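Novice: Take a look at the following structure, please.
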Amino acid sequence: MSVPAAGGRGGAATDVAGRVVQWQAAHGRNHLPWQNTRDPYRVWLSEIMLQQTQVATVLGYYQRFLDRFPNVQALAAAPQDDVLALWSGLGYYSRARNLHRCAQIVVAEHGGQFPRSVEQLAALPGIGRSTAGAIAAFCFGVRAPILDANVRRVLTRVLGFGQDLAQAASERALWQQAEELLPTEDLQQAMPRYTQGLMDLGAGICLPRKPSCMLCPLQEVCVARREGEPERYPVRTRKLKRSAGRWWLLLQRDADGRVWLQRRPATGIWAGLYCPPAFDSHEALMDAAPTGPLQDLPAFTHVLTHRDLHLHPVLAPAQLAAVALAQEDEAPGAWFAPAQWRALGLPAPIRALLERLAQDGGLQN
């Protein structure tokens, strides 16, 4: 598929790239803290944080990370628990674990310098082809495409790309066409602007529903707009179905207000984070709980990307909680005072639950 050139101004690729670059300079986002830098560490950190996460959410986390880990060497040298603690609440915790592993590899195998090629970048943990392309384009002016969700939507509409992206061959074809649209001149300046411009268009104008086509610099060359059906793109037939799960959480505290937490397994939901003992049923919790009256706290639902997790906290009285020490051999854990658990890598709903208990007097501060 090809895009018709607008107004007789030459080839389609040049026209698309030129329009995006000019629009981004005048109307795009140019104030974000990870912009206007060629530092691969800062660009990489922002790209990982922005995966499936909105800019407004990332801003605070990004600055806190830089304050604690100002460079890749500092991040590589940090304990993983410190990294997970700063990531707590940002979600998709495999990103944090890969972030830490990637920093260690960059220091150990690349002398603390991020590689410049897309192929080498994509070989690092947590960096796929699109993220590698973004780092290479922003930092080194490499002529490399990206295809995150927003950019995929923009390009499929501009190209009128109607192939099913659930098929690997279609995905490869879109990558090829995305590469053909890239700027060809003044790459050190054009590639960062073009890449950021596509991101900006996807985030603010070429929206999934009711795109603002009249504000788009590509409206004259956009096949989807000419067809009058921009929302039919991108095409993907295979949809992930939502599922649901239920966990019963055993909250145990001792007479000093400490809470019993244990690290989650290395794979699965909240992998590597700290959490109260979790059970698949109320009966299983009762079998493991200390003998005596337990208090059922209000249940709540935590929404994951493709899964609803219904959580049922159950509080054990302080005088009975010492029995929990008997679990240590079977499920390694420890008692943590509030100042200690606040510094741990905790899932956002667990952190909020413990904070509510602390405020209500259930846990001492």
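Novice: Arranged from highest to lowest average of other beta-carbon atoms within 10 Å per residue, in what order do the peptides 147-155, 132-140, 259-267, 30-38 appear?
Specialist: Working: 147-155: 21.8, 132-140: 25.4, 259-267: 16.6, 30-38: 13.0.
For the peptides 147-155, 132-140, 259-267, 30-38, the packing ranking is 132-140, 147-155, 259-267, 30-38.
Novice: Let me ask you something else. What percent do you get for the relative contact order of the range 1-142 when only Cα pairs under 8 Å and 6+ apart count?
Specialist: Values: 120 pairs, mean separation 30.2, N = 142.
Relative contact order for the range 1-142 comes out at 21 percent.
Novice: Now a separate question. Would you mind working out the magnitude of the charge dipole of the chain relative to its Cα centre, with +1 at each Lys and Arg C-beta and -1 at each Asp and Glu C-beta, to the nearest 20 Debye?
Specialist: On the way: 37 positive and 32 negative charges, 205 e Å.
Once rounded to the nearest 20, the dipole reads 980 debye.
Novice: Hey, how many Å between the Cα centroid of the range 243-284 and the Cα centroid of the range 224-240?
Specialist: Their Cα centres are 42 Å away from one another.
Novice: For the range 197-293, build the charge dipole from Cβ charges (+1 Lys, Arg; -1 Asp, Glu) around the Cα centre, then report which of Pro265, Gln219, Pro208 sits farthest towards its positive end.
Specialist: Gln219
Novice: Cα atoms only, the chain: Rg and Dmax in Å?
Specialist: Computed over the Cα atoms of the chain, radius of gyration and Dmax are 24.5, 82 Å.
Novice: Counting pairs of alpha carbon atoms under 8 Å apart in space and at least six apart in sequence, what relative contact order in percent does the chain give?
Specialist: Numbers: 562 pairs, mean separation 64.8, N = 365.
RCO, the chain: 18 percent.
Novice: Ignoring ligands, DNA and RNA, what percent of the 1.4 Å accessible area of the chain is carbon and sulfur?
Specialist: Values: 8730 of 17180 Å².
That fraction is 51 percent.
Novice: Using only helices, what value at 222 nm comes out for the chain when you add -39,500 (n - 2.57) per DSSP H run of length 4 or more and divide by the total residues, to the nearest 500 deg cm²/dmol?
Specialist: Mean residue ellipticity, 222 nm, calculated: -13000 deg cm²/dmol.
Novice: Take the Cβ-Cβ distance between Asp287 and Tyr92 as r, set R0 to 35 Å, and report the resulting FRET efficiency rounded to the nearest 0.05.
Specialist: Numbers: r = 33 Å, r/R0 = 0.93.
With R0 = 35 Å, the Cβ-Cβ based efficiency is 0.60.
Novice: Kindly express, to the nearest 10 degrees and within the range 0 to 90, the angle between helix 94-110's C-alpha long axis and the longest C-alpha principal axis of the chain.
Specialist: 70
Novice: Pairing the Cα long axis of helix 12-27 with the longest principal axis of the chain, what angle in degrees results, from 0 to 90 and rounded to the nearest 10?
Specialist: Helix 12-27 and the main axis of the chain meet at about 60 degrees.
The values are calculated or read from the model by the stated rules, or taken from the named source; none is laboratory data. As the structure is a computational prediction, the values presented were derived from the model and not from experiment. For neighbour counting, all protein chains shown are included, and Cβ atoms are generated from backbone atoms with ideal geometry for every residue, glycine included. Just the protein is used for accessible areas: all its heavy atoms, side chains included, with ligands, DNA and RNA removed. Shrake-Rupley method; radii C 1.70, N 1.55, O 1.52, S 1.80 Å.
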